[in-house]
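Peer 1: Just dropping this structure here.
Nothing in this text is a laboratory measurement; each read-out follows from the coordinates by a stated rule. Quantities reported herein were computed from a predicted structural model and do not represent experimental measurements. Here the Cβ positions follow ideal geometry from the backbone for every residue, glycine too, while neighbour counts run over all protein chains shown.
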Amino acid sequence: MFIERETEIELVEGCVGNHRKAQKQLYYKYCNAMFTVAYRILKNEDDANDALQDAFIQIFKDIKSFRGEATIGAWIKTIVIRSALKKFKKNIFYEEIDDRIINTADSDSQINALSGEYIEKMIMSLSKGYRTVFLLIEVEGYTHKEVAEMLNISEGTSKSQLFYAKKHLRTLLKHLEY
């Protein structure tokens with residue numbers, strides 16, 4: 001649902017004033033979309049919920065610093081991504097994906113195989129390092145430099161992770177060909 005700029009500003013002002021109703025409205029407006037962002041990075045509902053909770057605590061703490069240069073949604077998304085990455089970095093070492101091909105093809109026809117759900121499963125089958133870099137660059141639109149800074153890796157590692165993620169996804173797609 002589209003929020004008019006004035007309504008967005010009023011909502012932010014309400015949150016700055018620590019009005020619970022405004023905070024609740026802001027949370028419910030963005031919680032589902034932001035949970036999806038966190039879940040794509042973490043691939044675990046509990047971790048995604050934890051990251052989302054941590055992010056909204058940070059959002060309400062820092063909302064007075066929101067300058068309105070972007071939409072409130074974009075600002076929130078940045079905080080959620082950073083929260084998810086912080087949780088992600090606690091538990092991950094960049095791992096190499098083994099060369100086995102994960103057979104995720106359903107018994108349904110190949111016509112149904114490229115549904116959004118199937119593509120999501122393919123992306124989620126990537127190793128944590130590959131998946132995170134792929135999502136940040138290809139889905140969220142960050143640059144290799146930004147991803148490198150967020151994950152505390154080199155730009156070369158970011159490029160390598162993306163290359164191998166795409167290579168793995170291409171291999172999975174080839175298995176769908178007739």
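Peer 1: Please report, in debye to the nearest 20, how large the charge dipole of the stretch 20-62 is about its Cα centre when each Lys and Arg carries +1 at its beta carbon and each Asp and Glu carries -1 there. Intermediate results must be reported in sequence, preceding the final value.
Peer 2: Details: 7 positive and 6 negative charges, 74 e Å.
The dipole magnitude comes to about 360 debye.
Peer 1: Going through the cross-link list LYS89/LYS167; LYS128/LYS166; LYS77/LYS128; LYS87/LYS166, which pairs have a Cα-Cα distance over 18 Å in this structure?
Peer 2: Check vs 18 Å cut-off fails for LYS89/LYS167; LYS77/LYS128; LYS87/LYS166.
Peer 1: Kindly state, as a whole number, the per residue volume in cubic angstrom of the convex hull around the alpha carbon atoms of the stretch 1-91.
Peer 2: On the way: hull volume 8.2 nm³, N = 91.
About 90 Å³ per residue, rounded to a whole number.
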